[in-house]
Amino acid sequence: VVASRWFVPVEARGHLLSRIARVFPTGAAVSLGLLLLSGIYNAIYNAPNRVPGLLAPVALARLPFGDAYIAAFYLKVLLFLMSAAITLVLAFRLRRLARQDGQPAPRSFHWLALSNTILGLLVFVDVSVLVYLHYISHLGLFAG
């Protein structure tokens, strides 16, 4: 959706977005659902502390860098919720655009898609920070 703004000719953009509209809502729902399930799993089983992981924030906060880990995790949750909301808006707008049969998408539509892409990149960065904090919290325990 983002790339269509810059790489697809204006006359073909509406048709392409209509085709995307058929699979986007289902694909987005499945993708976001898998992300949510994997996030819950990681919060329980892959936090720096034992099960229940992030569901025991007081125990996690006592670890070295535990507070930072909790903050980064909550930021990831916030970014995910923002991305899910934008994805929902995009799905509805894509459906509406598909019913208009080939009409070009408004500029705000492409900005929404770009915003969602940026949020996805921020989630990637945040997960990288979480992995780093996970490792240094373990090292902090060993180092005393």
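The values are calculated or read from the model by the stated rules, or taken from the named source; none is laboratory data. The model shown is predicted, which means the values in this text are computed figures rather than measured ones. Cβ atoms come from the backbone with ideal geometry, glycine included; neighbour counts cover every protein chain shown. Heads up: the accessible areas ignore ligands, DNA and RNA and are worked out on the full protein's heavy atoms, side chains in. Shrake-Rupley method; radii C 1.70, N 1.55, O 1.52, S 1.80 Å.
The mean accessible area for residues of the chain, using a 1.4 Å probe and ignoring ligands and nucleic acids, is 63 Å² per residue. Share of carbon and sulfur in the accessible area of region 1-45 stands at 70%, probe radius 1.4 Å.
Write down the Kirkwood hydrodynamic radius of the chain, to one decimal in angstroms, obtained as one divided by the mean of 1/r over all alpha carbon pairs. Please list the in-between numbers first.
Values: mean 1/r = 0.0584 Å⁻¹.
Taking every pair of different Cα atoms in the chain, averaging 1/r and inverting gives 17.1 Å.
Over every Cα atom in region 36-113, the radius of gyration and the widest Cα-Cα span, Dmax, amount to 18.8, 57 Å. Charge dipole of the chain (Cα centre as origin; +1 on each Lys and Arg Cβ, -1 on each Asp and Glu Cβ, all else neutral): 480 debye, rounded to the nearest 20. With a Förster radius of 25 Å applied to the C-beta separation of Ile40 and Ala3, the computed FRET efficiency comes to 0.20. Carbon-plus-sulfur accessible fraction, region 102-144 (probe radius 1.4 Å, protein heavy atoms only): 75%.
Can you compute the FRET efficiency between Leu122 and Asp101 using 1/(1 + (r/R0)^6), with r the Cβ-Cβ distance and R0 = 35 Å? Round to the nearest 0.05. Intermediate results must be reported in sequence, preceding the final value.
On the way: r = 35 Å, r/R0 = 1.00.
The calculated FRET efficiency here is 0.50.
Residues in region 52-57 carry Karplus couplings, in order, of x, x, 6, 7, 10, x Hz; the curve used is 6.51 cos²θ - 1.76 cosθ + 1.60 with θ = phi - 60°, and Gly or Pro positions show x. Spin-label model, Ile136 to Ser31: label points 7 Å out along the Cα-to-beta-carbon direction sit 3.1 nm apart. Think of region 1-101 as a dipole: +1 on every Lys or Arg Cβ, -1 on every Asp or Glu Cβ, centred on the Cα centre; then among Phe80, Val51, Phe7, Phe7 lies furthest on the positive end.
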